[in-house]
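Structure first, then comments.
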Amino acid sequence: MNNYNAYCDEELIPLLREDKPICDYAFDVLFNRYSSKLFSYCLFLTRNRNESDLVFHDAWLKFFDYIKLGKSVEKVLPFLIMTVKHIIVDKARKINRENKFKQELLNLSDFDTGLETTNKQHDKNEMLELIHIAVDSLDDVYKEAFILKRYQELSNDEIAKICNESVDCIRKRVTRSTNMVKKILEPYINEFNEK
Amino acid sequence: MDYEDNLVQFIDGELPEDRERELFSMISADDSLRAEYKSLLGINNAIKSSAAYYSPSSELKAAVYRDLNISIPVKHVPAFAKFIQGTKLNLLSCGIGAVLASTVFFVSTNFLSQGAKSDLATQIPIPPLQNSETQSNSNMKNNSLSYNKQIIKTKFQPKINNSVNESLPINNNNSIIAISELIIPENGNIIYDVNDKSKIIDISDLTKNLNDLTEIQKEDNASNEKIGISVEARWSTNWSLARETVKPSKISDFNNLGFDMFFSIVDNFDFGINIRQETFFVKYEEKISNNLKYKLEQNPNLTSYGISIRKRYPINDDLQPFGQMNLAINKYGIILRPSIGITYNFYNDFSLVETFEYSNMFFTHNQEWFSASKIGLNFGINYKF
């Protein structure tokens with residue numbers, strides 16, 4: 001097997017149109033590269049693990065079909081995130097559950113069932129849960145900017161395209177949202193630092 | 001608050017250099033700013049290190065792959081792979097050692113053989129000239145030797161009359177021609193009657209026999225040069241016993257080639273080491289969860305290292321059927337390979353080799369044993385040193 005891990009997205013995407021096993025290898029590399037980031041985004045948007053699973057699953061299927069149709073994708077993760085957004089909006093429209101999504105509290109237990117429970121890990125989990133709560137308290141526009149920047153690690157340009165905003169606007173949103181989260185978490189962070 | 005924005009932009013790597021310097025001087029002077037900087041770093045690091053928490057479950061991954069008809073490429077690292085990886089250098093050094101040892105053995109054997117010949121040629125003492133009349137007379141009487149009984153039981157001790165002025169014949173290597181017992185093996189020492197000129201050794205006769213002598217010696221030495229080492233290069237064509245459903249993703253340029261080195265241990269019994277490039281069509285199972293199991297099919301191209309034992313059943317010098325057992329390992333598993341074949345000596349030390357073999361590879365995956373088998377025909381050339 002070639003070392004497809006060394007390939008960039010632009011090199012891997014044409015390989016998805018190749019026969020097996022090349023397309024399998026290429027897809028596997030892309031999946032492993034972006035699955036965590038995409039899944040965290042799904043969780044933040046849906047606040048529900050089962051919903052996240054469905055959205056995540058559908059997003060990969062749509063992405064693969066899109067590529068198989070011969071269309072090209074500039075960046076894989078932004079494309080997947082856009083796809084997830086569309087899927088969620090469509091679902092929300094259909095079942096009118098958008099408000100329900102927002103009412104649900106995002107728990108860390110939704111993220112992973114196999115979390116370690118050592119003391120150090122416990123502190124870390126607590127910290128992550130606090131971050132989630134802080135992020136949840138932000139307005140939607142800031143929340144989205146924060147999540148895409150900090151969790152998905154997208155550039156301001158990519159976020160700007162996804163949010164259909166200017167890069168400057170996104171830069172301000174990212175800065176402000178980060179400062180807001182920091183303000184919310186400051187007392188806890190000091191406490192953690194004292195530990 | 002500008003400095004807060006600067007801190008965020010600095011963490012994101014988006015702060016211009018001049019503002020960076022300004023920020024650093026502020027951080028060094030302001031404790032609260034330093035604390036804020038640490039808080040931001042803490043949040044950022046906590047989020048970055050949490051990536052593992054957001055991984056989709058293995059069931060979800062399997063569902064995506066299944067619906068897209070994607071096979072999960074399994075990172076197959078069985079126990080043997082670790083062994084091979086760990087001992088690759090050792091195997092390489094063993095191989096190099098074996099080749100070096102064989103070379104040294106071959107060279108030294110050959111050298112000794114040449115040396116013996118050389119010694120034979122150069123160390124033959126020039127026979128002491130003997131004109132012992134009494135001895136010759138008595139010998140003449142006792143043995144009644146005829147004159148053509150030139151040579152003798154005693155090695156390299158011809159007695160030449162000192163009246164012979166002809167120089168001894170010289171061979172191509174400028175060494176004195178050896179006179180061995182091979183020439184005319186008869187009993188008794190040669191004695192020349194100094195009184196009888198006609199009984200003087202006829203050097204021209206010796207010269208005449210030179211070519212025959214050399215040929216005999218060559219044949220004799222050639223037979224001694226066999227050092228019991230042979231090398232064999234083989235190409236094979238194979239048929240997997242389970243019908244192949246996938247093709248190898250990559251095939252080595254040397255696929256289906258094998259190289260052996262055999263050492264003759266005892267008569268008609270050889271021990272060999274070999275390296276071989278080959279493919280095996282393997283089928284095995286991967287348990288994803290309690291109720292989800294993947295059946296995997298792969299066709300890896302592998303390099304196998306092995307040892308062989310070959311028993312020959314010669315019909316004559318040229319035709320030699322044999323039975324062989326090969327044990328090999330590669331990064332997948334262990335191969336057991338019984339085979340039967342025949343060698344035909346078609347030119348000097350070169351032989352054609354044809355083999356029919358059955359190969360069975362045993363390998364483990366997730367603590368379960370699986371096997372893959374194939375049959376094959378080998379065609380090759382063997383060269384004996």
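General remarks:
- Between B and A, accessible area buried - total, square angstrom, nearest 100, 1.4 angstrom probe: 3800 Å²
- Shape category assigned to the range B:1-43 from the gyration tensor of Cα positions, a/c cut at 1.5: oblate
- Geometric extent, Cα atoms of the range A:7-104 - Rg, Dmax (angstrom): 14.5, 46
- Hz values of 3J(HN,Hα) by residue in the range B:327-337 - Karplus curve (6.51, -1.76, 1.60), Gly and Pro given as x: 10, 9, 10, 9, 6, 8, x, 10, 10, 10, 9
- Cα shape, the range B:225-295, gyration tensor, a/c 1.5 rule: prolate
- Backbone HN-Hα couplings from phi across the range A:83-93 [Karplus 6.51/-1.76/1.60, Hz, Gly and Pro as x]: 4, 4, 4, 5, 4, 5, 4, 4, 4, 4, 4
- With 0.36 nm allotted per residue and the present C-alpha distance subtracted, the residue B:233-residue B:366 stretch has 44.3 nm of extension available.
- Long pairs among A:149/B:295; A:68/A:161; A:94/B:61, criterion Cα-Cα beyond 30 Å: A:149/B:295
- Centroid-to-centroid, using Cα positions, the range B:1-48 and the range B:320-385 are 68 Å apart.
- Note on residue B:57 and residue B:252: with the Förster distance fixed at 35 Å, the Cβ-Cβ geometry gives a FRET efficiency of about 0.40.
- Residues in the range A:27-32 carry Karplus couplings, in order, of 5, 4, 5, 5, 4, 5 Hz; the curve used is 6.51 cos²θ - 1.76 cosθ + 1.60 with θ = phi - 60°, and Gly or Pro positions show x.
- Charged neighbours of residue A:8, selected by a Cβ distance under 11 Å, balance to -1 (K, R count +1; D, E count -1).
- 14 Å beta-carbon shell around residue B:6, net charge (K/R +1, D/E -1): -4
- If you sort A:46, B:237 by accessible surface, 1.4 Å probe, largest first, the order is B:237, A:46.
The values are calculated or read from the model by the stated rules, or taken from the named source; none is laboratory data. As the structure is a computational prediction, the values presented were derived from the model and not from experiment. Quick reminder, even Gly has a Cβ in these numbers, built from the backbone with ideal geometry, and neighbours come from all protein chains shown. Note: accessible area is taken over every heavy atom of the protein model, side chains too, but ligands, DNA and RNA are not part of it. Shrake-Rupley method; radii C 1.70, N 1.55, O 1.52, S 1.80 Å.
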